[in-house]
Amino acid sequence: MSSVSRPSHAERGSQNPLDQALLKGFDRRLRLVCDHIVSVAHGRTTGLYLYGAGGLGKSHTIHTELKRLAVPYQSYNSKMSGRGLFDALSLHPSRIHVLEDAEPLFRDADALGVLRSALWGSERNSDGRLERPVTWYTHTERCEFVFTGGILLTGNREFSSLPELTAIKTRIAYLHLTASDDEIAAMMRRLALDGYRSANEEIVAAKCLEICDYLVHQCRELGRSLDLRILQNSYQDYLQWFEFQSLSHWTALVRSRLQAQLGPAERGGMPTRRDEKQEELDLAHRLRLIRDRQAKLRIWQQATGKSQSAMYRRIKQVSQMRVHLSLRM
């Protein structure tokens with residue numbers, strides 16, 4: 001197990017008052033989402049469509065709330081046809097079905113027909129749940145079942161003006177989850193205070209906050225919107241560097257990831273002094289493995305135009321960083 005030491009309560013600290021104030025509104029919106037999930041889970045209503053920009057935690061909120069409620073559910077996050085949807089609902093007619101990134105489904109006329117049938121009915125059973133007959137008739141087959149479960153859908157866009165989607169909208173809760181960059185940054189810092197743990201790796205809260213602060217700074221410098229997914233990816237960049245699986249420093253990995261997600265016009269910009277220093281450290285890390293001094297100096301001078309003493313100064317810094325890390329492991 002790789003560990004960057006387990007965080008203590010003292011290391012975790014508490015969230016600053018400004019972040020707490022920023023998150024009051026976002027938390028209130030999340031509570032509203034959770035209340036609608038509870039309504040579907042208990043059979044009071046039949047469905048929910050939750051949409052908004054990627055990386056706001058829509059799917060995470062749904063899955064976390066259903067697990068908290070200990071409600072059996074099925075989850076789908078790839079291509080599904082109208083007949084596929086019919087078969088999935090008929091296989092588990094009393095369960096909650098979570099359909100992530102549902103926009104392609106809305107372009108399938110058959111799927112819209114199944115959704116309209118599955119999301120509304122006129123009779124409630126002894127458990128208080130709406131019974132909704134769903135049918136699939138063709139010239140070669142006749143299939144039908146009674147659906148008493150619920151459907152939770154997520155997407156990035158609001159419904160189009162199709163009459164079929166308007167009809168679905170009247171049957172379910174329809175929520176737009178939004179967050180400002182400042183709110184997302186505050187959410188990222190709150191998550192960082194918990195540290196990071198996966199099956200066999202950990203990062204202490206203080207280091208998570210350092211990664212988070214660097215990420216927020218870089219996003220704002222590059223003009224890129226924040227989202228929670230890039231924080232998780234940045235943790236993985238750090239762990240790759242920490243485990244000596246990367247010749248580049250974790251900050252270089254994070255910045256290159258962010259730059260790759262920008263358009264060509266947004267990528268332009270002169271490198272900063274920090275970027276230049278990091279590139280020199282990355283190069284020095286690789287030069288340590290070259291024994292031929294002349295070859296080492298030639299590569300260094302071609303890449304940086306700097307002196308031999310500058311090269312050995314950077315190599316010494318890299319060696320000190322590696323010793324420091326090995327003592328912490």
Sort 56-67, 123-134 for me by packing, meaning the mean count of neighbouring Cβ atoms within 10 Å per residue, highest on top.
56-67, 123-134
Could you give the distance between the Cα centres of region 100-151 and region 215-240, to the whole Å?
40 Å
Which number gives the lysine pairs in the chain that have C-alpha atoms under 20 Å apart and are eight or more places apart or on different chains?
10
Furthest towards positive pole of dipole, SER122, ILE168, GLY223, structure part the chain, Cβ charges:
GLY223
Rounded to the nearest 5, the percent of DSSP beta bridges in the chain running antiparallel is 35 percent
For region 57-120, with +1 on Lys and Arg beta carbons and -1 on Asp and Glu, the positive-most of LEU66, LEU112, ASN77 along the dipole:
LEU66
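Rank-order 296-304, 110-118, 84-92 by packing density, defined as the average count of other C-beta atoms within 10 Å over each peptide's residues, highest first.
Values: 296-304: 15.2, 110-118: 21.2, 84-92: 17.7.
Result, highest mean Cβ count within 10 Å first: 110-118, 84-92, 296-304.
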For the chain, taking Cα atoms only, what is the radius of gyration to one decimal and the Dmax to the nearest whole Å?
26.0, 85
Using a Förster distance of 25 angstrom, determine the FRET efficiency expected from the C-beta separation of SER81 and SER161, and round it to 0.05.
0.60
Only Lys, Arg, Asp and Glu count, each charged at its Cβ (+1, +1, -1, -1), so figure out the dipole size of region 42-176 about its Cα centre, rounded to 20 debye.
300 debye
Just to be sure I understand: with springs between alpha-carbon atoms less than 10 Å apart, which residue in LEU175, LEU152, LEU69 has the highest mean-square fluctuation in the Gaussian network model of the chain?
LEU69
With charges only on Cβ, +1 for K and R and -1 for D and E, what is the dipole size of the chain about its Cα centre, in debye, rounded to 20?
1300 debye
Residue-averaged 222 nm ellipticity for the chain, from DSSP H runs of 4+ at -39500 (n - 2.57), nearest 500:
-17000 deg cm²/dmol
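When all alpha-carbon pairs of region 54-136 are counted, what percent fall beyond 15 Å?
On the way: 2130 of 3403 pairs.
Within region 54-136, distances greater than 15 Å cover 63 percent of Cα pairs.
Taken together, the values in this text are just the output of simple stated rules run on the coordinates, not laboratory data. Computed from a predicted structure; not experimentally measured. When we count neighbours, we look across all protein chains shown, and the Cβ atoms used for this are built from the backbone with ideal geometry, even at glycine.
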